[in-house]
1. Residues 258, 268: which one is on the phi < 0 side of the Ramachandran plot, modelled with pLDDT under 95, surrounded by fewer than 19 Cβ atoms within 10 Å (Cβ to Cβ) and of a type outside the set (Phe, Trp, Tyr)?
2. Check whether at least one residue in segment 297-314 is in a helix (DSSP H, G or I) and of a type in the set (Val, Ile, Thr), and report yes or no.
3. Within segment 61-76, is there a residue that is closer than 30 Å to residue 289 by Cα, β-branched (Val, Ile, Thr) and buried (at least 18 other Cβ atoms within 10 Å of the Cβ)?
4. Can you list the strands (runs of 3 or more DSSP E) found entirely within segment 148-226 that contain at least 1 residues being touching a Phe, Trp or Tyr at 6+ places or on another chain (Cβ under 8 Å)?
5. Do we have any residue at all in segment 195-209 that's acidic (Asp, Glu), more than 25 Å from residue 28 (Cα to Cα) and in the same structural domain as residue 318 (by TED's automatic domain parsing)?
6. Give segment 300-324 a look and list any residue that's closer than 18 Å to residue 211 by Cβ and either among the polar types (S, T, N, Q) or surrounded by 20 or more Cβ atoms within 10 Å (Cβ to Cβ) (or both), or say none.
7. May I ask you to list the residues in segment 7-30 that are closer than 14 Å to residue 56 by Cβ, touching a residue at least 60 places away in the same chain (Cβ under 8 Å) and under 13 Å from the mean Cα position of the chain (by Cα)?
8. Within segment 346-356, track down each residue that is closer than 26 Å to residue 213 by Cβ, surrounded by fewer than 23 Cβ atoms within 10 Å (Cβ to Cβ) and of a type outside the set (Asp, Glu).
Amino acid sequence: MPILRILIDGRTIKNNPSGLGIWNLQLVRHLVKYENIQLFLILTKNCDYDFSNDGLLSPFLKEKLILINSNHDYKFVSLDRFVFEQFQLPKIIQRLKIDLYHATDSFGIPINLPKKIKVMLTIHDLIPLTPYREYLNWQQFLIYRVSLFLSIKRANLITAISDKTKTDIKHYLQPKTNVVAVYDGVDEPTLYSEKIIDKAFVQLNQQYLLKKQQYLLYYGGFGPRRNTETLIKVLRQLIDQQIVSPDFKLVLSGRIKNAKTQALLILNGLKNLIKNLKLQDNVVIIDYLMPESKAALIKNSSLFVTLTLYEGFGLTPMEVIKYNKYALTTRTGIWHQFPSLNNIFIIEDPFSIPEISHKVSLIIQNSSNLKADYQKMVNFTKVFQWSSMAKNYFKLYGKIIKTI
């Protein structure tokens, strides 16, 4: 069988990766295990991720995994990025003599690649095309649309990370190219020792006065679609109705340092809401969490709650469930496929304060119906494995290149 020469767009990989950066690393970590594949990973000019210290990748460096410096910085949407992808990236692709280019960042495919080079486009979400269009001004939105539609036109195959994203692609883009759903995986929790978890929580307690099992937890960011305002109002109702004690807390975590302007404006609005509802002593806002701190917050929380309005996949509730903790989530992203109706852990109306408060109350007071509903969530989460995702991509690579 001929060796498949695959170039993967890894420009979102950086030190302390998140989101798509983690996705790219997991894809490559599992693909390098296959025979008959040669991977090239294109990185930003100043990529600071230490591949030599990645135990799953370091054995394959220089043999099955070759790192390519793009000599270019990365931004989600910019004219500079568009020019690079249309004029410089094709030269890199042709120099490497690859069989297939995997564009993993939802857009950014050079339109003028030779037809003999196959192209796969993975779309994670279409947030800029939805009512929750965030973080893009009109100029960026125009560049995004042009690049996205050029990418759709050139791709030999489009993959979506959930059935919901697949539906959105067909609704918003109506591509002629075939669209296949390839589901993401979910990270297994890092097994920190109890000593490390306890130390991390002691530090959090000293800074934020947190008590074990006496707070709701949310992490994920402060964009418009995150709907964190409703969660703050839910806390006010829980306290007013004496469902929780007056000192019960809500912990909100998301990137604050180097956050985009729109996110900071929303954060300021949240702080005003907290003040108006007299919850200054109850709501804790924390910047990006280091892994051990996130683990400590999850393990010691009463409940994780996300009221997000739109997700491509919906990973965070699954991460929490992997820690054997309860998670309350909306039916977005992959959770559209969750088969259970009237499950206590699924919010049907993300703006309904009575519904959310009622379900939070039942969960933290240990309703007798919890076990069956929670087990359905656990079983659903087990399906999503990084190894299965990589296996599906490997098969699709071969199918497109027509060597398998």
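The values are calculated or read from the model by the stated rules, or taken from the named source; none is laboratory data. It should be emphasised that the depicted structure is a prediction, and the values quoted were computed from it without experimental measurement. Don't worry about glycine lacking a Cβ; one is built from the backbone with ideal geometry, like all the others, and counts go over all protein chains shown.
1. Going through 258, 268 in turn, just one is on the phi < 0 side of the Ramachandran plot, modelled with pLDDT under 95, surrounded by fewer than 19 Cβ atoms within 10 Å (Cβ to Cβ) and of a type outside the set (Phe, Trp, Tyr): 268.
2. Start the filter on segment 297-314 by keeping residues that are in a helix (DSSP H, G or I), which leaves 297-299.
Pick out the ones that are also of a type in the set (Val, Ile, Thr) and you get 298.
The answer is yes, given that some residue of segment 297-314 is in a helix (DSSP H, G or I) and of a type in the set (Val, Ile, Thr).
3. no
4. Passing ranges, in order: 157-160, 215-219.
5. So far as segment 195-209 goes, yes, one or more of its residues are acidic (Asp, Glu), more than 25 Å from residue 28 (Cα to Cα) and in the same structural domain as residue 318 (by TED's automatic domain parsing).
6. 300, 301, 302, 304, 305
7. Answer for segment 7-30, where residues must be closer than 14 Å to residue 56 by Cβ, touching a residue at least 60 places away in the same chain (Cβ under 8 Å) and under 13 Å from the mean Cα position of the chain (by Cα): 22, 24, 26.
8. Step one: of segment 346-356, the residues closer than 26 Å to residue 213 by Cβ are 346-347, 350, 352-356.
Still in the running and surrounded by fewer than 23 Cβ atoms within 10 Å (Cβ to Cβ): 346, 350, 352-355.
Selection gives 346, 350, 352, 353, 354.
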